[in-house]
Ligand SMILES: O=C1C=CC(=NNc2ccccc2C(=O)O)C=C1
């Protein structure tokens with residue numbers, strides 16, 4: 001089935017953009033995440049991401065990556081799979097966990113939220 005290497009630029013259903021660098025021979029990659037959302041009223045900065053994808057079977061591989069937000073003390077981890085349709089269009093179906101920093105262990109119960117995100121590839125044409 002369709003091969004999928006994550007290198008390139010992707011947009012999710014919130015309008016956030018992420019650019020993933022070259023995937024090395026171990027499947028590891030890094031990149032930058034520009035969020036379209038932010039609870040923080042601080043200026044939107046780029047946040048670093050690191051992750052890895054399976055390259056032992058490039059047909060619709062699974063992957064995971066972590067975004068360490070650069071302007072709030074929180075972290076999001078994404079896990080998902082790349083799907084390729086008959087026209088070769090790729091989508092990343094992901095689930096995420098957002099961990100916000102809380103003041104004390106008593107607040108730990110409310111510190112993590114979960115959700116889904118779909119990313120589609122942005123190339124020169126469909127910006
Ligand atoms: O300062 C912050 C804190 C959390 C954020 N979460 N963004 C997300 C969390 C889950 C899934 C997608 C996103 C996104 O920004 O696209 C963004 C900025």
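Note on the stretch 38-109: Kirkwood radius taken over Cα pairs, Stokes-Einstein applied at 10 °C and 1.306 mPa s, translational D equal to 110 µm² s⁻¹. Considering the chain as a Gaussian network with a 10 Å cut-off on Cα pairs, which listed residue, 12, 117, 24, attains the greatest mean-square fluctuation? Of 12, 117, 24, the most mobile in the Gaussian network model is 24. Given R0 = 30 Å, the distance between the Cβ atoms of residue 112 and residue 83 translates into a calculated FRET efficiency of 0.70. Summary of packing: across the peptides 108-114, 46-52, 58-64, the per-residue average of other C-beta atoms within 10 Å ranks them, highest first, as 46-52, 58-64, 108-114. Across the chain, the fraction of Cα-Cα pairs farther apart than 27 Å, rounded to a whole number, is 20%. The Cα center of the stretch 1-65 and the Cα center of the stretch 88-112 differ in position by 16 Å.
Every number in this text was worked out from the coordinates using simple rules, so none of it is lab data. A quick note: this is a predicted structure, and the numbers were derived from the prediction, not measured. Cβ sites come from the backbone with ideal geometry, for glycine too, and all protein chains shown count toward neighbours.
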